[in-house]
Amino acid sequence: MIISATVIILKKWSYAFRLMMSARPVIRQAKQAEGVLHVSAYSRNLKHWHTLTAWETEEQMLKFMRSGAHLKVMRLTPKFAHDVLSARWEADRIPTKKEARRKLIEERGVTPSQ
């Protein structure tokens, strides 16, 4: 399976509500997408938001990423996010949040506070 982990780092905490409202249709889209095995979204604090998804194939994940609500939010994200960092890898099981954060740190340089 393909795992995708992302952290969205907001420019300021006051953008958290905007992100939460934008994320609702994306999460709905992800849960209904072909090939999805797992969807979770959570915040470590009001400026750092994480997603963790698992997919049967990379093609199914890319189809989701490039369509619908997700595509719309990706286009809006630069207005309220300082940075968006993602890591993608193959796995035999869905990682824990801690394992996904470790992979983001290894691959993208996300600091422990994020």
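Scanning region 59-114 for residues that are small (Gly, Ala, Ser), under 19 Å from Arg44 (Cβ atoms) and over 14 Å from the mean Cα position of the chain (by Cα) returns Gly109, Ser113.
Hey, among the residues in region 42-58 that are under 15 Å from Glu99 (Cα atoms) and in contact with a His (Cβ under 8 Å, 6 or more places away or on another chain), which one's surrounded by the fewest Cβ atoms within 10 Å (Cβ to Cβ)? Once the filter is applied, the top-ranked residue is Tyr42.
Examine region 55-73 for a residue that is in a strand (DSSP E or B), among the hydroxyl-bearing types (Ser, Thr, Tyr) and in contact (Cβ under 8 Å) with a residue 12 or more places away in the chain, and state whether such a residue exists. There is no residue in region 55-73 that is in a strand (DSSP E or B), among the hydroxyl-bearing types (Ser, Thr, Tyr) and in contact (Cβ under 8 Å) with a residue 12 or more places away in the chain.
Determine whether region 68-80 contains at least one residue that is among the small types (Gly, Ala, Ser) and either over 20 Å from Arg18 (Cβ atoms) or at pLDDT below 90 (or both). No; the residues of region 68-80 include none that is among the small types (Gly, Ala, Ser) and either over 20 Å from Arg18 (Cβ atoms) or at pLDDT below 90 (or both). If the condition is being part of a helix (DSSP H, G or I) and in contact (Cβ under 8 Å) with a residue 24 or more places away in the chain, then region 1-52 contributes Trp13, Tyr15, Ala16, Arg18, Leu19, Ser22, Ala23, Pro25, Val26, Arg28, Gln29, Ala30.
Residue-wise test of (1) surrounded by fewer than 13 Cβ atoms within 10 Å (Cβ to Cβ); (2) among the polar types (S, T, N, Q).
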site: Gln60; (1), (2): no, yes
site: Arg66; (1), (2): yes, no
site: Ala87; (1), (2): no, no
site: Glu107; (1), (2): no, no
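For region 90-98, the count of residues that are surrounded by fewer than 17 Cβ atoms within 10 Å (Cβ to Cβ) and in a helix (DSSP H, G or I) is at least one.
The values are calculated or read from the model by the stated rules, or taken from the named source; none is laboratory data. Computed from a predicted structure; not experimentally measured. A quick note on method: Cβ atoms are made from the backbone with ideal geometry, for glycine too, and the neighbour counts reach across all protein chains shown.
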